[in-house]
Amino acid sequence: DAGITQSPRYKITETGRQVTLMCHQTWSHSYMFWYRQDLGHGLRLIYYSAAADITDKGEVSDGYVVSRSKTENFPLTLESATRSQTSVYFCASKGGGNTGELFFGEGSRLTVL
Amino acid sequence: KNQVEQSPQSLIILEGKNCTLQCNYTVSPFSNLRWYKQDTGRGPVSLTIMTFSENTKSNGRYTATLDADTKQSSLHITASQLSDSASYICVVSDYKLSFGAGTTVTVRA
């Protein structure tokens, strides 16, 4: 199906565990993003990627790792999960140009116990 | 520092009534401003996107306005419906996207 999909939608893990959130888009968009959304905060950028093999940190990147070996996939890994990383994570992709449409996935709700 | 401020934080309106949401920003230089609708438990969905030269844009019952001189935007919802209950997020772009915290709208029958 066309679009942007995230998995898993819900995940419960324990402190110190490694967790990977998957993101897949079918439009061949160059830009992909990971955001986290917490109550009282706007969406905050974790990492973004301008193309395959090109990634860069956002404003809240500590504790997260990304990779982008293929244009369509942009996984986000929490190497050692902490309770402060309990959040809803959104992946997004964007077409070229400043006014390119930004499409969001449905989100992955992560709880770290 | 938050460069995009939205108000009010939340509001409740009766079905059929109109409402207006505000977005003030300090992002500079300015490229474009976007409004998104986010239903509970879902990802944000684009409503409008406006560039510097546009001062109004409509999408059905949603009308966004932009005053680039005062760095203000508003989103007007006409004849609200129960399905308009959602969070509305203002996003301002220079070379990156800056998100407001959103306004939560609740429409009651």
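Okay, here's what the table says:
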item	result
Qualifying residue in the range A:89-101 (condition: modelled with pLDDT under 95, closer than 18 Å to B:PHE99 by Cβ and of a type in the set (A, V, I, L, M))	no
Among residues of the range A:10-28, those that are under 17 Å from the mean Cα position of the chain (by Cα) and on the phi > 0 side of the Ramachandran plot, counted	1
Verdict on B:THR106 being touching a Leu at 6+ places or on another chain (Cβ under 9 Å), exposed (fewer than 15 other Cβ atoms within 10 Å of the Cβ), outside any loop (DSSP other than H, G, I, E, B) and not hydrophobic (A, V, I, L, M, F, W, C)	yes
Residue in the range B:4-17 that is among the acidic types (Asp, Glu) and over 24 Å from B:LYS96 (Cβ atoms) present	yes
A:GLU72 vs. criteria loosely packed, with under 14 Cβ neighbours inside 10 Å and touching a strand residue (DSSP E or B) at 6+ places or on another chain (Cβ under 6 Å)	no
B:LEU21 being open to solvent by less than 50 Å² (accessible area, probe 1.4 Å) and in contact with a Ser or Thr (Cβ under 7 Å, 6 or more places away or on another chain)	yes
Pairs, first among the charged types (D, E, K, R) in the range B:72-95, second buried (at least 17 other Cβ atoms within 10 Å of the Cβ) and part of a strand (DSSP E or B), C-beta under 7 Å, six or more apart	B:ASP84/B:ILE77; B:ASP84/B:VAL105; B:ASP84/B:VAL107
Hits in the range B:44-64 (condition: under 11 Å from the mean Cα position of the chain (by Cα) and under 15 Å from B:CYS19 (Cβ atoms))	B:LEU47, B:TYR62, B:THR63, B:ALA64
First in the range A:38-58 and modelled with pLDDT under 90, second anywhere and open to solvent by 30 Å² or more (accessible area, probe 1.4 Å), Cβ under 8 Å, 6 or more apart	A:GLY40/B:ALA101; A:HIS41/B:ALA101; A:GLY42/B:ASN2; A:GLY42/B:ALA101
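The values are calculated or read from the model by the stated rules, or taken from the named source; none is laboratory data. Note that the structure is predicted; figures quoted are calculated from it, not measured. Every residue, glycine as well, gets a Cβ built from its backbone with ideal geometry; the counts of neighbours run over all protein chains shown. The area values use the complete protein model at the heavy-atom level, side chains included, leaving out ligands, DNA and RNA. Shrake-Rupley method; radii C 1.70, N 1.55, O 1.52, S 1.80 Å.
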